[in-house]
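The values are calculated or read from the model by the stated rules, or taken from the named source; none is laboratory data. From a predicted model like this one, the values you see are computed outputs, not experimental measurements. For neighbour counting, all protein chains shown are included, and Cβ atoms are generated from backbone atoms with ideal geometry for every residue, glycine included. All accessible areas refer to the heavy atoms of the entire protein, side chains included, with ligands and DNA or RNA removed. Shrake-Rupley method; radii C 1.70, N 1.55, O 1.52, S 1.80 Å.
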Amino acid sequence: LAMSPRLSNDVTNLMLMCDRHHRVIDGPETKSQFTVERLKAMKKAHEDWVRMALSSGPDRSSHILRFSASIDQNETSIPFDQCVEAILPVRYPANREGIEIKIRGMRFKDSDPDYWTVQPRMLREDFARRVQGAFETGQIRHISVFALAPIPLLIDLGRMLPDHLDIEIFQAHREPVQQWKWANDSNDVSFEVLRPDIKISNKVALKFSISAVIDDSRITEAIGENVSIWEIRSSDPRLDRIRSKADLSRFRSTARDVFNEIRERHGRSIDLSVFPAIPVSCAVEIGRVWQPKAHPDLRVFDEIKNVGFVERLVIRG
């Protein structure tokens, strides 16, 4: 570049590159593509991004919590850089590593009973060791949660997250690309509550038809005919249904209201079973809105292919 010798020692002209991209910009076959105007635009865009990320101050920092566990013998992974991208520019990471609870190397599928003997205990022990104390001492004031695991484990994780603290739950999106950043590219999702006409018995089922519709016959196959069935159903149930923070907030509010209504109508001394067809973020929020002192114990069911719904966890007050 014609101006380079004059500005070569000027700090305002500095652009730090990794070796690979340095070779691309200065390479004989690609150098002509990086004009002065393009390089200045790249530099300004990055400086603006850094300035916005750092201008929030310490009160805008967030601890990134990643929780993952194998699903049907498939290991799951949540890249830290995708988490950082998801919280910026509103917040920035409190540290470089975040908090990771990752249960690795299980030889059981999540369809095996032994999986549900080991995994919940490992989650609870790791959470108590790595997260709970930091909440209680005030070391963590805000947390961003990224979780990918079987649905009952996600509900159990949500139960451990204090409902009164500043916590944001994120959702994995498949389209248009795999990412955790809120998409905000769809119309608002509404939620309908379907209530039983009469109180049949003290056995109650609550089904969440968010990703797919759950037919009543699948409930009765799992727990019998004599049951009062409630349902929270999203408009147009399908995968990737929760696309924005506002969608998740409406789900959370609806779920809380329904738990309260079930308690008021049926009392606390009931057998309450949960049947979820939901995105991961909704699973965590179910655990958060359930209150041990206010709501009945939860029997959490999960679906096994070619088998149907099977009870996996009991969450007690």
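For residues in region 210-232 being charged (D, E, K, R) and surrounded by fewer than 20 Cβ atoms within 10 Å (Cβ to Cβ), which is farthest from the chain's Cα centre (by Cα)?
Restricting to residues being charged (D, E, K, R) and surrounded by fewer than 20 Cβ atoms within 10 Å (Cβ to Cβ), the top hit is Glu225.
Residues of region 286-312 being in contact with a strand residue (DSSP E or B) (Cβ under 7 Å, 6 or more places away or on another chain), open to solvent by 10 Å² or more (accessible area, probe 1.4 Å) and not in a loop (DSSP other than H, G, I, E, B), which ones?
Hits for region 286-312 are Arg299, Asp302, Glu303, Ile304, Phe309, Val310, Glu311, Arg312.
Please determine, by comparing only the residues of region 163-209 that are within 17 Å of the chain's Cα centre (by Cα) and closer than 21 Å to Arg263 by Cα, which one is most open to solvent (accessible area, probe 1.4 Å).
Within region 163-209, the subset within 17 Å of the chain's Cα centre (by Cα) is 163, 165-175, 177-184, 208.
Cutting the leftovers down to closer than 21 Å to Arg263 by Cα gives us 163, 208.
Details: Asp163: 50, Phe208: 0 Å².
Residue satisfying both the conditions and the ranking: Asp163.
Within region 68-84, restricting attention to residues that are loosely packed, with under 13 Cβ neighbours inside 10 Å and within 25 Å of Ser244 (Cβ to Cβ), which residue is modelled with the highest pLDDT?
Step one: of region 68-84, the residues loosely packed, with under 13 Cβ neighbours inside 10 Å are 72, 74, 77, 81.
Now narrow it down to the ones that are within 25 Å of Ser244 (Cβ to Cβ): 77, 81.
Values: Ser77: 84, Asp81: 93.
Among those that are loosely packed, with under 13 Cβ neighbours inside 10 Å and within 25 Å of Ser244 (Cβ to Cβ), it is Asp81.
Quick check: anything in region 126-141 open to solvent by 10 Å² or more (accessible area, probe 1.4 Å) and assigned to a strand (DSSP E or B)?
No; the residues of region 126-141 include none that is open to solvent by 10 Å² or more (accessible area, probe 1.4 Å) and assigned to a strand (DSSP E or B).
Any chance you could count how many residues in region 1-28 are at pLDDT below 75, charged (D, E, K, R) and open to solvent by 100 Å² or more (accessible area, probe 1.4 Å)?
1
Do we have Arg265 as part of a helix (DSSP H, G or I), open to solvent by 40 Å² or more (accessible area, probe 1.4 Å) and within 21 Å of Ile219 (Cβ to Cβ) here? Even if it seems obvious, please write down each step before you answer.
On the way: part of a helix (DSSP H, G or I): yes; open to solvent by 40 Å² or more (accessible area, probe 1.4 Å): yes; within 21 Å of Ile219 (Cβ to Cβ): yes.
When the stated conditions are applied, Arg265 passes them.
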